[in-house]
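A.B. asks: Pasting a structure here, questions to come.
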Amino acid sequence: MAARSKARRFALQALYQMHMTGCSHHDVLAEFLADHDMKKVDTDLLSKLLGGIEENKAQLLEDLTPLMEREANRLDPIERAVLMIGAFELSYCLEVPYRVAIDESIDLTKRFGAIESHRFVNSVLDRLARKTRSHEVT
């Protein structure tokens, strides 16, 4: 697994932990860096994802909510975390091709989410990409 993919996987785990415990991204990131082997992880991306998602949480949810068939607070914590990662990359990491951001989110959902939840994640992020990356999406 590539270093950036590993960073996204750890970001998913960290966001889940933050959601369940209410801890800040600083505390969770420090714990992850101390407790896990991060030699093959893009820790800069991990830090950027966690800090950026925490800082822009309200805007990300505002962007995602109209694209979903349900309220954000009714999402499974894994789906919510994956959508936040994908939405953050689509909106704030323009160096990441939109298809990569969506595909990585789908892979995370297939690996950690409920059966068939990857279809929901794909649909929501694809619609978001059409709004945020219209110049890339054809």
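Rule-based calculations on the coordinates, nothing more; no lab input. Source: prediction; values computed, not measured. Counting neighbours? That spans all protein chains shown, and the Cβs are built from the backbone with ideal geometry, glycine included.
A.B. asks: When ranked by the protection proxy of mean other Cβ atoms within 10 Å per residue, highest first, what sequence do the peptides 26-32, 66-72 form?
C.D. replies: Highest-to-lowest ranking by the protection proxy: 26-32, 66-72.
A.B. asks: Moving to a separate point now. Using bins 10 angstrom wide from zero, how does P(r) for the chain break down, in % of all Cα pairs?
C.D. replies: Histogram of Cα-Cα distances, whole percents per bin: 12, 47, 34, 6, 0.
A.B. asks: Nearest 10 degrees is fine. How inclined is helix 43-55 to the longest principal axis of the chain, computing both from alpha carbons?
C.D. replies: Compared with the principal axis, the helix lies near 60 degrees.
A.B. asks: Another one. Ratio of the range 68-138's C-alpha Rg to 2.2 N^0.38 Å, to two decimals?
C.D. replies: 1.02
A.B. asks: Another one. Restricting to DSSP H runs of at least four residues, report the calculated mean residue ellipticity at 222 nm for the chain, -39500 (n - 2.57) per run over all residues, nearest 500 deg cm²/dmol.
C.D. replies: -23000 deg cm²/dmol
A.B. asks: Whole angstrom only: what separates the Cα centroid of the range 20-77 from the Cα centroid of the range 121-136?
C.D. replies: 19 Å
A.B. asks: Among Leu61, Ile102, Ser47, which residue has its Cα positioned farthest towards the positive end of the charge dipole of the range 3-132, with +1 placed on the Cβ of Lys and Arg, -1 on the Cβ of Asp and Glu, and the dipole taken about the Cα centre?
C.D. replies: Ile102
A.B. asks: Further question on the same structure: Taking Cα pairs under 8 Å and at least six residues apart, what relative contact order does the chain come out at, in percent?
C.D. replies: 24 percent.
A.B. asks: A further question follows. Would you mind counting up the charge near Thr21? Only other residues with Cβ under 11 Å from its Cβ, with Lys and Arg at +1 and Asp and Glu at -1.
C.D. replies: Residues near Thr21 contribute -2 overall.
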